[in-house]
Amino acid sequence: MHFAGPGTRGGFAIKPLFARGSSATSRAFLFILIMMVLVVVGLYTDRLEPVREKLSAVVAPFYQITDVPSRVNDWRKDTFVSHADLKLENEALKTELLIHQRKLQQLASLAAENVRLRQLLNASQTLQDTVLIAELIGVSPNPLSHKVIINRGIKDGAFKGQPVLDAFGLMGQVIEVGEDSSTVLLISDSTHAIPVQVNRNGVRAIAEGTGDLNSLSLRHVSANTDIRAGDLLVSSGMGARFPTGYPVAEVLQVVRDPGKAFLTVIAKPMARLDRSRHLLLVFADRDQASVPGALGASRNTSSSSSSSGAASGTR
């Protein structure tokens, strides 16, 4: 015999209105709906901005905590570097430094050469003769012979006895001519002499080489000659070898010995005999058109010959 318990009617159990499974589905649907509403509100309104800021402040420490392993790994790589890696990096840096130093030296050399070329071009513009730029390519190994080799020869119009200048004064003359190169005897050579005159008063003398690149001496200067330290000596044109008026030397010292008939006069060449690399070949009696690559304009009047007793060129 069966008795009806609570929730029963007529001996039969009453089923609940909502099953347990359907209640969980309803709650999930409700949460999804709330989330969609929040997303829409967050996208199109500013009502959730304060909440978002508070949440960012709460979440920030967690981001920092999660980033700790990555930062520890970076610190380990920077701190615990092997000796081999340091050596390789050091060698690479040294190589790079050498490369940059070489480039810097080349730039300095090019800048200096540019200055020298500008000085040479400025000097050529002040000359009245036709000139051709040449480059020094060799120096005589004999210390007792002051000779240099230039890159101009017969095909360029070079000839024996041709005057050679740099940007500052007269350097010497061509003594040997080849097809592509020539040999120049410097005014400081002990076998070289050139007629000069004092630019201040026109007093004439002969400047001789002494075998010292920085020194010339004047031959047979009378004791009562008006010459003093600081006077500029220029080519006199005597002997028709060197054109008139080119700077040759500056008087450094004048020694008057009462027991001697002549003065001892020491002068310093104006040309930079030991360092000039770019030179000028002078064509005194030729126009620019007749010398390929030449600069300047030729003088129409040629130098007249002087007395046969005047010294010029090599002794």
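The values are calculated or read from the model by the stated rules, or taken from the named source; none is laboratory data. All figures in this text were calculated on a predicted structure; none of them were measured in a lab. Methodologically, a virtual Cβ is constructed for each residue, glycine included, from the backbone with ideal geometry; neighbour enumeration extends over all protein chains shown. Ligands, DNA and RNA are excluded from the accessible area calculation, which covers all protein heavy atoms including side chains. Shrake-Rupley method; radii C 1.70, N 1.55, O 1.52, S 1.80 Å.
Structure above, values below:
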| read-out | value |
| --- | --- |
| Peptide ranges 254-267, 163-176 listed from the most packed, as the mean C-beta count within 10 angstrom indicates | 163-176, 254-267 |
| Residue order for ASP189, ASP74, ASP156 - accessible surface, 1.4 angstrom probe, largest first | ASP74, ASP156, ASP189 |
| Set of lysines with alpha-carbon distance to LYS160 below 22 Å, sequence-local pairs under 8 removed | LYS147 |
| Probe 1.4 Å, protein heavy atoms only - accessible area per residue of segment 213-278 in square angstrom | 51 |
| Accessible carbon and sulfur surface of segment 153-201 relative to its total accessible area, %, 1.4 Å | 47 |
| Under 25 Å from LYS77, Cα to Cα: lysines that are on another chain or at least 8 residues apart | LYS87, LYS94 |
| Under 5 Å, built H, 5+ apart or other chain: amide partners of LEU263 | VAL221, SER222, ALA223 |
| Cα-based Rg of segment 166-282 normalised by 2.2 N^0.38 Å, two decimals | 1.07 |
| FRET efficiency, 1/(1 + (r/R0)^6) with R0 22 Å, evaluated for PHE31 and VAL58 via beta carbons | 0.55 |
